[in-house]
1. In terms of the Cα gyration tensor, with a ≥ b ≥ c the square roots of its eigenvalues, is region 184-230 rounded because a/c is under 1.5, prolate because a/b exceeds b/c, or oblate?
2. Relative to 2.2 N^0.38 Å, what does the C-alpha radius of gyration of region 109-188 come to as a ratio? Two decimals please.
3. Residues with amide H under 5 Å of residue 3's amide H, sequence separation 5 or more or different chain, H placed in the peptide plane at 1.01 Å from N; which?
4. I want to check the label-to-label distance for residue 87 and residue 167. Put each point 7 Å from Cα in the C-beta direction and report it in nm to one decimal.
5. Considering only the other residues whose Cβ falls under 9 Å of the Cβ of residue 20, what net charge follows from Lys and Arg at +1 and Asp and Glu at -1?
6. Percent of accessible area on the chain owned by carbon and sulfur, 1.4 Å probe?
7. Give, in whole angstrom and from largest to smallest, the semi-axes √(5λ) of the equivalent ellipsoid of region 1-140, with λ running over the eigenvalues of the Cα gyration tensor.
8. Could you tell me which of rounded, prolate or oblate describes region 128-265, using a ≥ b ≥ c as the square roots of the eigenvalues of the alpha-carbon gyration tensor, with rounded for a/c under 1.5 and, failing that, prolate when a/b is larger than b/c and oblate otherwise?
Amino acid sequence: MTRVLITGAAGAIGRTLHAGLAGRYPLLRLADVREIAAIGAEQQPVRADLADFDAMLRVTDGIDCIVHLAGVPREGAWDVILPNNIIGTYNLFEAARLNRVRRVVFASSNHAVGFHPVSRRLDPDSLPRPDTRYGVSKIFGEALGRLYADKHGLSVACLRIGSFRERPEDERQLSTWISPRDMVELARCCIEAPEYHFLMLYGVSANTRSRWDNGDAALIGFCALDDAEAYAADVNREPAGDVAARFHGGGFCALEFSGDPDAIV
């Protein structure tokens, strides 16, 4: 995996990865709709829109592995989610197939399983329970990844990423936090691990309070180093609302909520 593409390279995780992986591969192509500056001779910035299939064909040409971060990174209106997270993700996988890309690492989200009660420990086999339209789009990407692995032989890893921050900011993030250092290492392991067919992993640090079983990360040699507990004394302790406190997705579950939380078991 010597020629790597990062989509969404101008985003928060994208910037962290392209800095953390600088100098590691002969080619690190950086794609985004926004301008982004290279920080190494091997880095190749490219302006491209996910919704433009021809653009996806161009940016995936000659690539071995794609780390697909691009898309709307939070809840949004359906007419925003659809072109970026649904159509754009399809365009990316199909362009990868046509250009014989060997591996795709898809940035999914914990919000694909957000409506599971916090009393339930989750693992990679936990059923999808999206908490938003954004969460639905991530389930779509996971299903697409499974399809392209099974039907077309792509090697695919889906990462249900938790709370990516420099440090945890509130009590929920003591469970869900992933540090920049661990995010870079997780991406590196996904890129460089020996052949795998399809993996579902959680993007989370080694948090003492983690509610997610990430044992399968050992299959690619990933061992998180950071623990949110080191910041426990400093986080915001303001109580979450009832809906946010009950479910894995936290505040995303409370957005536009009009249901009965007692019915969600």
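1. Numbers: a/c = 2.98, a/b = 1.79, b/c = 1.66.
Verdict is prolate for region 184-230.
2. On the way: Rg = 13.8 Å, N = 80, 2.2 N^0.38 = 11.6 Å.
Dividing the Cα radius of gyration by 2.2 N^0.38 Å gives 1.19.
3. Result for residue 3 returns 64, 65.
4. 4.3
5. On the way: positive: 24, 181, 188; negative: 185.
Residues close to residue 20 contribute a combined charge of +2.
6. Working: 5970 of 11580 Å².
Answer for the chain: carbon and sulfur cover 52 percent of the accessible area.
7. Details: eigenvalues 146, 55, 41 Å².
Semi-axes (√(5λ), whole Å): 27, 17, 14.
8. On the way: a/c = 2.69, a/b = 1.27, b/c = 2.12.
It comes out oblate by the Cα gyration axes.
The values are calculated or read from the model by the stated rules, or taken from the named source; none is laboratory data. No experiment lies behind these values; they were computed from the predicted model shown. With ideal geometry, Cβ positions are generated from the backbone for all residues, glycine too; neighbour counts draw on all protein chains shown. Protein only, heavy atoms only, side chains kept; ligands, DNA and RNA dropped before computing areas. Shrake-Rupley method; radii C 1.70, N 1.55, O 1.52, S 1.80 Å.
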